[in-house]
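Structure first, commentary second.
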Amino acid sequence: MQEPLLTKPPKGEVAAEPKDGGNMVDAQHLVKTFGKLEVVKDLSFTISKGEIFGLLGPNGAGKSTTINMLCGYLEPTSGDTLINGQSITREPRKVKRMIGVVPQEIALYTELNSLENLDFFGSIYGLSAQERKERSEELLHFVGLYDRRKDPVKKFSGGMQRRINMAIALIHQPTFLMLDEPTVGVDPQSRERIFDMIEQLRTQGTTILYTTHYMEEAERLCNHIAIMDEGQIIASGTLEQLLALRDQNREVQRPHGLQELFIQLTGKTLRD
Ligand SMILES: Nc1ncnc2c1ncn2[C@@H]1O[C@H](COP(=O)(O)OP(=O)(O)OP(=O)(O)O)[C@@H](O)[C@H]1O
């Protein structure tokens, strides 16, 4: 577990983050510009091994762009990320093997059934036919859709498709899983199932980066939360540390959790 990033910072300032040697992720001065628009601005943070790290921020904060740089889909304009000590820009193939990504947009072959989808993605990672079969069945049990394994994915609800996407992200047994707003457009039953799966993965030691603009999700799941706005992390710590920070900054009593801290730091609401 990381030490608090912030105890009582001046608004908008972030203290230096401690390095403990046990980091799964070490993002170093990431910058991403699209044309003249700088959407990620000198972003540095670490994620300890085994942690569920929440990246919480409103639409357009730069969360997906950050994930896309961390997993090698997007090249940073400058900066780099070490995943388990290895550079994503210098050793992309090695690093990608350690990473699973559940993207914001569901990415499945909808004409195929779940077993076929898992088999296909398993083959991309070079798993043998036997490994693909065993791993696919295990994962379909894990996501609670084994009984539907032969139905075309196009018949599934958004939540079920998201669970299959999660199974696909896990096919090669990554040690670091990134989930980009996995509950958007998902029914309550699938949402609960996704939370249970994340908690189980954590007990198995998987390190998780979870982006969301729902503060309740970050509060429930994450042992470390970084609040992001306009391409920068503006506060970071455990939930307790962030709530303590809110209380220190508080001028009037308002019983809101991280929303209130976000308003204090930015003058905006989280769901702008
Ligand atoms: N390929 C691109 N070209 C130009 N601008 C982009 C591109 N990708 C993202 N952006 C812009 O970068 C900013 C950050 O977008 P990003 O998707 O990273 O934010 P986000 O925090 O994930 O938001 P959301 O919750 O809406 O997905 C937005 O203003 C977006 O329009």
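Laboratory data are not the source of any read-out in this text; all were calculated from the coordinates shown. Given the structure is predicted, the values throughout are model-derived calculations rather than measurements. Note that each Cβ is placed from the backbone with ideal geometry, even for glycine, and that neighbours are counted across all protein chains shown.
Key figures
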quantity: Between 0 and 90°, nearest 10: helix 188-203 axis offset from the chain longest Cα axis; calculated: 80 degrees
quantity: Total lysine pairs whose alpha carbons fall under 25 Å of each other in segment 23-266 (8 or more apart, or interchain); calculated: 18
quantity: Mean separation of Cα contacts under 8 Å (6+ apart) over length of segment 23-266, as relative contact order %; calculated: 26 percent
quantity: Relative packing of peptides 224-236, 111-123, 187-199 - highest average C-beta neighbours within 10 Å first; calculated: 224-236, 111-123, 187-199
quantity: Shape of segment 64-130, Cα gyration tensor, a/c cut at 1.5; calculated: oblate
quantity: Signed unit charges on C-beta, dipole axis of the chain, positive-most listed residue L261, V101, S190; calculated: V101
quantity: Theoretical ellipticity at 222 nm over the chain - DSSP helices of four or more residues, -39500 (n - 2.57) apiece, nearest 500; calculated: -10500 deg cm²/dmol
quantity: Dipole moment magnitude, nearest 20 debye, segment 23-266 about Cα centre, only Lys, Arg, Asp, Glu C-beta charged; calculated: 520 debye
quantity: Footprinting exposure proxy for S136, S157 (fewest neighbouring C-beta atoms within 10 Å first); calculated: S157, S136
quantity: Where chymotrypsin sites (Phe, Trp or Tyr not before Pro) fall in DSSP loop in segment 27-90, at most 14 other Cβ within 10 Å; calculated: Y73
quantity: In degrees, nearest ten, helix 114-124 long axis to first principal axis of the chain (Cα); calculated: 80 degrees
quantity: Proxy reagent accessibility, fewest Cβ within 10 Å first, across V95, V40; calculated: V95, V40
